[in-house]
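Read the figures in this text as sums done on the coordinates, not as results from a lab. All values derive from a computational prediction rather than experimental measurement. So basically every Cβ, Gly included, is an ideal-geometry build from the backbone, and we count neighbours across all protein chains shown.
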Amino acid sequence: MAEQHPIASPASPPLEDKYDPFEEFNRVQGRSGVRNPYPQFEELRTRCPVQKIDMRQLLGNEVPIPPEVVLEVYAALTHEAASEVLRDPHRFTSRGYSMSMGQVFGHSILEMDPPEHTRYRALLQHAFTKRALDRWERELVGPVVHGLIDRFIERGRADLIPELTFPFPVAVIAGMIGVPKDQHENFHRWAVELISVTFARERGMAASGKLRNLFSEILSDRRKQPRDDITSVLAHAEIDGSKLSDDDIFAFLRLLAPAGAETTYRSSSNLLFALLTHASQFEALREDRSLIPQAIDEGLRWECPLTGIMRIATGETEVAGTSLPAGALVNVNLGAANHDDTRYEDPDRFDIFRPRKQHLAFASGPHTCLGMHLALMETRVVLEAVLDRLPNLRLDPAASDLHIGGVIFRAPATLPVQFDAGKVRA
């Protein structure tokens, strides 16, 4: 079943054409053909923790590779090797993203290294303080999640992907930015087209311009009338005594759009899939809500939404006994690192009771995901809502061929369930 768009309000403007960026993005990620990449990751990892490989070994034949993409990379496949690369921005720079995502995001913290990255990150963290997150949970995340559940709770059945986990994160991030509700659907579309720039450049560049126009209107309003949203924080923020430029603000908001929408949708979908396919662990969670944090943690380790990120070696160096030349492109394989059997016993098994150890789903080092605590809070809220409002939740017995798929971005396409029907909240 192809993913569906979130239900739009009647006032929502029509989409420009029938091209479906969500379906195309998942097709290019190889979701239909790649169900379980971990045996291949294990084979590579046991051969050597860091090794020079052809990208096609990681991506397989399902994923089209643009001709300009460098095929020979060094893959960091163990937890130790991946952590070493991520934690040392002096030896391994993020500047390579300027050649890919930089063309649609602008100059964002994604491609910055310290000390520039440190200054911008410190400023942006003001939007993600505990006080701010508590307010977002109360005023935005909770209402969005419960509003979506209200749409299907009386039926006693639903598909949790298109009806819950797919639409809720984008509604949250759009609300945090201040995007008008009648633009949420286009906002989501453009966010996914942004990160599709490597295989659909014209659409990616066009989406970048459309988001700039949208954000420009919001920013202009917030400079005159600040509100409790991220755009207002950025509009009045300063670095070294100078306010951020419009381009600085637009770059961060463009980065936030897909980061906030795509990864949380996938991580919450993967967690619900894991729990519903491991009934005894789901029952334990029902009986003991104190297990929720470790269940979320295990879900992220077991199936992280993004399996790999890139770095470039700034000079000749060595990692885990492998020599890397200056300029070497390094694929930090988060999926392989999170299934490293020297760190996690029986790593391919989903087990919410396993001893908790730090995973790399949010990366590590200076570029640890800025929205990590927001993502954890969102996942907790949706899981608590499911436990509270959908009693006797179980997989639909008529459903078949349920699986998680994809190479770089991973998630199930569908998750049909049944439950004891309830009532819409007053």
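Assign unit charges at the C-beta atoms only (+1 for Lys and Arg, -1 for Asp and Glu), then state the dipole size of segment 95-192 relative to its Cα centre in Debye, rounded to the nearest 20.
Values: 12 positive and 12 negative charges, 42 e Å.
That gives segment 95-192 a dipole magnitude of about 200 debye.
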Report summary line: Only helices counted: for the chain, with every DSSP H run of 4 or more residues adding -39500 (n - 2.57) and the sum spread over all residues, [θ] at 222 nm is -13000 deg cm²/dmol
Report summary line: Using the Kirkwood formula on alpha carbons, the hydrodynamic radius of segment 96-193 in angstrom works out to 15.9 Å
Report summary line: Per the charge dipole of the chain (beta-carbon charges, Lys/Arg positive, Asp/Glu negative, Cα centre), the residue among LEU329, ALA82, LEU140 reaching farthest to the positive end is LEU140
**Report entry** Sequence-separation-based contact order of the chain, relative, with Cα cut under 8 Å and 6+ spacing, percent
**Finding:** 28 percent
Report task. Please compute P(r) over all alpha-carbon pairs of the chain, binned at 20 Å starting from zero, and give each bin as a whole-number percent. Result -> 26, 60, 14, 0
Requested in this report: Kindly write out, for segment 249-254 in residue order, the coupling ³J(HN,Hα) from the Karplus curve 6.51 cos²θ - 1.76 cosθ + 1.60 (θ = phi - 60°), rounded to whole Hz, with x marking Gly and Pro.
Outcome: 5, 4, 4, 5, 5, 5
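Taking square-rooted eigenvalues a ≥ b ≥ c of the alpha carbon gyration tensor, is segment 252-302 rounded, prolate or oblate, where a/c under 1.5 means rounded and, failing that, a/b exceeding b/c means prolate?
Details: a/c = 3.49, a/b = 2.46, b/c = 1.42.
Because a/c hits 1.5 or more and a/b exceeds b/c, segment 252-302 counts as prolate.
Summarise the long-distance tail of P(r) for segment 301-396 by giving the % of C-alpha pairs beyond 15 Å. The partial results should precede the final answer.
Working: 3338 of 4560 pairs.
The proportion of pairs with Cα distances above 15 Å equals 73 percent.
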Query raised in the report: On the first, second and third principal axes, largest extent first, how far apart are the outermost C-alpha atoms of segment 192-242 in Å?
Result: 38, 24, 15
Requested in this report: Would you work out which of HIS184, THR263, SER400 lies farthest towards the positive end of the dipole of the chain, given +1 charges on the beta-carbon of Lys and Arg and -1 on that of Asp and Glu, about the Cα centre?
Outcome: HIS184
Query raised in the report: About its Cα centre, what dipole magnitude does the chain give when the only charges are +1 on Lys and Arg Cβ and -1 on Asp and Glu Cβ, stated in debye to the nearest 20?
Result: 620 debye
Report task. Return the long-range amide H neighbours of PHE199 (sequence gap of 5 or more, or a different chain), with a cut-off of under 5 Å between placed amide H atoms. Result -> none
Report summary line: For segment 369-426, the Cα-Cα pair-distance distribution in 10 Å bins from 0, as whole percents, is 18, 34, 37, 11, 0
Report task. Please identify every one of the trypsin sites (Lys or Arg not before Pro) in segment 382-426 that sits in a loop by DSSP and has no more than 11 other beta carbons within 10 Å of its own beta carbon. Result -> LYS423, ARG425
